[in-house]
1. Can you tell me the dipole magnitude for the range 214-312 around its Cα centre, using point charges on the Cβ only (Lys, Arg +1; Asp, Glu -1), in Debye to the nearest 20?
2. Quick one: net charge of GLN231's neighbours, Cβ under 13 Å, K/R +1, D/E -1?
3. How do 211-223, 45-57 rank on mean C-beta neighbours within 10 Å, highest first?
4. Suppose R0 equals 41 Å. What FRET efficiency, 1/(1 + (r/R0)^6) with r the Cβ-Cβ distance, do GLU28 and LEU237 give to the nearest 0.05?
5. Spin-label point model (7 Å from Cα, Cβ direction): what's the ASP44 to ALA75 distance in nm?
6. Around LEU286, with a cut-off of 12 angstrom between Cβ atoms, what is the net charge of the other residues, counting Lys and Arg +1 and Asp and Glu -1?
7. Kindly flag which residue pairs out of LYS82/LYS111; LYS111/LYS224; LYS283/LYS304; LYS67/LYS238; LYS6/LYS46 have an alpha-carbon separation exceeding 24 Å in this structure.
8. Would you tally the net charge around ASN58, using a Cβ to Cβ cut-off of less than 12 Å, leaving ASN58 out, and scoring K and R as +1, D and E as -1?
Amino acid sequence: MKDRKKAPPFHECELRLLMKLYCDSYEEYHGRGKHGESGRSLNDKKSLLRRFAREVSNLGFYQRTEKQIEERLRADCKRVRKHERARIHEGREAVINSLPSYLHQLYECRKSKSLNGSAALNHDEELDDHHLDITEDSAFEMSQPSICHKVKVEVITPREGSPAGEPQSSETFMEMEEVVDEAAPTSTTPTQRRMPRKYVRATRPESPSPSMDRRAQLYEEEIKLSMLRQQLAIEELKLIVIKNDLARAQLERETIATERERFELERAKHEQYSEELKLFHIKQDLARAQLEREMIALERERLKLEREKQQNNNPSPRVTSQSDNP
């Protein structure tokens, strides 16, 4: 058979929050309702388990399922009931000192419910655990024939230096009680069992301890502190996003300023090139005008030379006639 994957262990903050939620919804969880009306609703229990799993998962340690929450509550309730039975024989201090700190709230809650006349709630809770145990072992019980249980009683000699009438310890008393319960005859129906005497025994009324109230307040403050830390982390993340947006906007502004400077530089270069081009055209016009003036002067010189040449080749008629009549 394939082994089932083991769930990660619960953190102390998860256990404290779970105990607080469970104690606040104790009557609703066990089918009593807010106004005391009896009657069990499976949908109410499932909705509470779903809410418990969601709020415990919101702490950020692990993602818890309804099955994990239900198994943890069942185990813690069994542990508290065991200590309640031991308290009758050893005293309250032995129970409180042996319980973990996160279970003190559940212990006080069960005690206050029993003082208020809500012993039926504890009875219903224990019936749930017995029903789950019966359904898990029903196949094995159906296949086994009914046999008579043998009760083995060990004789414990009194310790040295103790009086002969000293009562037995709570562990011995609980073992004897469990053996007697197992030895009790069972009916032919596997799902029906006689209620053990230990669930009917009434508890002695005791006033709630103020130290328990202080511990409960301390647990609530620690839960609030963890929630505030989560909110602080969210606010820091938002602040980082805002800083990134500001840096991006600053970078965009610097980019726009750089583009503007580049555009101004290109425009200045274009204007300088236009001025240089105009100056070049002016110089070309001046050179062309100078060349035209020089050409005009050369043309005048040429015409002057041609006129002088014609005058040299064609002398006046008076000079020629004098030369013919000497």
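Values in this text are rule-based calculations from the coordinates and carry no lab data. Please read these numbers as outputs of a predicted model, since none were measured by experiment. FYI the Cβ positions are ideal-geometry reconstructions off the backbone, even for glycines, and counts take in every protein chain you see.
1. Values: 21 positive and 22 negative charges, 13 e Å.
Result for the range 214-312 is approximately 60 debye, rounded to the nearest 20.
2. +1
3. Values: 211-223: 13.9, 45-57: 16.7.
Sorting 211-223, 45-57 by mean packing, highest first, produces 45-57, 211-223.
4. 0.70
5. 2.8
6. Numbers: positive: LYS283, ARG288, ARG293; negative: ASP285, GLU292.
Spelling it out: positives minus negatives among the neighbours equals +1.
7. Values: LYS82/LYS111 14 Å; LYS111/LYS224 26 Å; LYS283/LYS304 32 Å; LYS67/LYS238 35 Å; LYS6/LYS46 22 Å.
Correct reply: LYS111/LYS224; LYS283/LYS304; LYS67/LYS238.
8. Numbers: positive: ARG51, ARG54, ARG64; negative: GLU14, GLU55.
Local charge sum for ASN58: +1.
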